[in-house]
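No value in this document is a laboratory result; all are computed from the given coordinates. Computed from a predicted structure; not experimentally measured. Glycine gets a Cβ as well: all are built from the backbone with ideal geometry, and neighbour counts include every protein chain shown.
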Amino acid sequence: MAEHDADREPQPIDEEAAWAAIVAGYGDEPTDPPGTKPFKSIEDLALLEGDRNDTPEAPPASPEPPPEAKPLGSSVVFAPGVGGPRDFKVAEPSDDDLDDTDEGHFVPPEPPPLPETDVTAKFAWLGVIGGPLLLLLAAVLQWEFTWWLTTLGVGGFIGGFGTLVARMQQDDEDGDDPGRGAVV
């Protein structure tokens, strides 16, 4: 089949005529293909009959002119009495909703107080957090990295970290800890 396509000469396309046809048909609704059933109109959505997808009957002749047809792309309007998906409201809870099987309202317990820290631990945490923050601030504000700024940032981090590690409680010295699994 590729052999036959290669023998054909390409047909010239009249772009001006194609654009003129597109512009002339702008805003017109295309006709339905033969054999399809049109959808139920928006005015008939609120009706309870099951006449959906039936071909509409010819409208009776009326002396008043028909309303203007909306162009394609107009916004969708829900039928009267039919709410949209965001119109759902949850019923407000009341005390009458609870019965004997309900356990009642959960009240969380008070959080335990934080342990008291000493001045050494506070300065150690200041070094661990403040040292890198000082170096980051110096880089963002484009300060010159002098020897004292670098020593304060790096030394504060290393000194604070070392202090916190050295002050950790060491429970490993007594071998009688039963919570570590099987003892051989």
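Observations on the structure shown:
- Cα→Cβ-extended label distance, 7 Å offset, between Gln169 and Ala21, nm: 8.6
- Put simply, when 21-33, 125-137 are sorted by average Cβ atoms within 10 angstrom per residue, most first, you get 125-137, 21-33.
- Maximal additional length on extending the Phe39-Val140 stretch stands at 30.0 nm, based on 0.36 nm per residue less the C-alpha distance.
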